[in-house]
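Note sheet for the following structure.
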Amino acid sequence: MRATKRIPVTSVTWEEISGLKRPGQTSDELLQEMVETEKKERLVKEMESIEKNEGFVKLE
């Protein structure tokens, strides 16, 4: 069962989000894609930081 939630945004933000949607794509689908993209970007940044600052430990 899906619950509907409302997220207040400014009209400018609403227009930006609407402009990013592909034809037939819902706002929910777009936001899900954006969340996944952000998660991947954070993971890559974290891995780069570890590689640069801490290094990896070889497992046997």
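Computed from the coordinates by the stated procedures, all read-outs in this text should not be read as laboratory data. Since the model is a prediction, treat every value here as computed from it, not as a measurement. Because the Cβ atoms are built from the backbone with ideal geometry, glycine has one as well, and the counts that use them run over all protein chains shown.
Distance in nm between label sites at Arg22 and Lys52, each 7 Å beyond Cα in the beta-carbon direction?
Label-label distance for Arg22 and Lys52, simple model: 3.2 nm.
How big is the dipole moment of the chain about its Cα centre under a simple scheme where the beta carbon of each Lys and Arg is +1, that of each Asp and Glu is -1, and everything else is neutral? Debye, nearest 20, please. Mind dumping the intermediate values first?
On the way: 11 positive and 13 negative charges, 57 e Å.
Dipole size: approximately 280 debye.
Could you list Thr10, Thr4 so that the one with the fewest beta carbons within 10 Å of its beta carbon is first and the one with the most is last?
Thr4, Thr10
When each pair of different Cα atoms in segment 1-54 is counted once in the 1/r mean, what is the Kirkwood radius in angstroms, to one decimal?
Roughly 13.6 Å, rounded to one decimal.
Suppose each label sits 7 Å from its Cα in the direction of the beta carbon; what would the Glu60-Leu30 distance come out to in nanometres?
Roughly 5.4 nm, to one decimal.
For a quick check of your reading of the filter: which trypsin sites (Lys or Arg not before Pro) in segment 1-47 sit in a DSSP loop and have no more than 11 other Cβ atoms within 10 Å?
Sites meeting the loop and neighbour criteria: Arg2, Lys5, Arg6.
Net charge within 14 Å of Glu41 by Cβ-Cβ distance, Lys/Arg positive one each and Asp/Glu negative one each, not counting Glu41 itself?
Residues close to Glu41 contribute a combined charge of -1.
Between Leu43 and Glu15, what length comes free when the chain is fully extended (0.36 nm per residue of separation minus the Cα-Cα distance, one decimal in nm)?
Full extension of this stretch gives 7.2 nm more.
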